[in-house]
Every structure is written in structure tokens, then in C-alpha cells.
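To start, the structure itself, in C-alpha cells.
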Amino acid sequence: MIPLSKLILKEIPGGTLLHLRVKPGARKNEILGVHGGALKLGVVARPERGKANRGVLKLLAKILDLAPSAIALVGGNTSQDKTVLVPLSATQIGNRLQSVP
């Protein structure tokens with residue numbers, strides 16, 4: 001279970017900003033927990049030519065039951081620390097993350 005109380009979610013017009021900590025080159029695509037207020041994700045893709053970023057958006061879209069194109073990477077394009085804009089409220093994000101096994 002993800003400790004949602006430790007996640008930093010900021011609602012803005014158009015959705016909610018969600019901070020991510022990404023571990024590229026992981027063994028499998030999965031949620032690893034929470035790190036410093038950010039949702040920590042592991043993605044198999046390597047950090048080359050945007051592959052890891054695409055992997056992150058695809059994984060997050062699957063977790064939140066959205067199309068990958070609905071989620072926008074708004075910060076951290078070349079960093080492990082990323083910020084995405086999700087077209088859901090903070091409550092909706094929390095509810096969807098709670099349903100993840």
C-alpha cells in the first residue's frame with residue numbers, strides 16, 4: 001500500500017501536479033513507494049533518447065487508468081526527479097493509487 005499522506009499533490013487549473021522519482025533500468029515497471037513526497041517509479045526503459053520518459057508516462061497512465069497522452073511531463077525531462085500534470089483532482093489520484101495492489 002502506498003503511503004498517500006506522504007505524497008505532495010498540488011491542484012492547479014487543468015489538473016494536479018504530481019512529483020515523481022524515477023529509477024530507469026529497473027527489472028520491471030512498478031511503483032516502488034514514496035520518496036521525499038514524490039511517487040517513486042521503476043521503469044525497465046533506459047534513460048536514452050526519451051525512452052525512460054515514455055515508459056514513465058505509459059506506466060503512470062496504466063496505474064491511473066488514463067491514456068498516456070493525457071499526462072504531460074512538465075519538469076525534469078533529463079532528471080530522475082520529474083513533475084507531471086495529471087488531468088485529475090488530487091482526491092481522484094489518491095483513490096486510483098489506493099486501488100493499486
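Any read-out appearing in this document is the output of simple, stated calculations on the displayed coordinates, not a laboratory observation. Just so we're clear, the structure is a prediction, and the values are computed from it rather than from any experiment. Counting neighbours? That spans all protein chains shown, and the Cβs are built from the backbone with ideal geometry, glycine included.
For this structure, a couple of remarks:
- Placed amide H near LYS40: partners under 5 Å, 5+ positions off or other chain: ARG21, LEU32, GLY33, VAL34, HIS35
- Length, then width, then depth: along the principal axes, the Cα atoms of the chain run 33, 28, 24 Å.
- Whole-Hz couplings from phi, Karplus 6.51/-1.76/1.60, listed for the range 64-76; x for Gly and Pro: 8, 6, 10, 6, x, 6, 7, 9, 10, 7, 10, x, x
- Net charge dipole size for the range 4-98 [Lys, Arg +1 and Asp, Glu -1 on Cβ; Debye, nearest 20]: 380 debye
- Close amide-amide hydrogen proximity is noted between GLY75 and THR83, each under 5 Å apart and 5 or more residues distant or on a separate chain (H modeled in the peptide plane; Pro and chain starts excluded).
- Extension reserve of the THR83-VAL100 stretch, reckoned as 0.36 nm per residue once the Cα distance is removed: 4.1 nm
- The Cα center of the range 1-29 and the Cα center of the range 54-77 differ in position by 10 Å.
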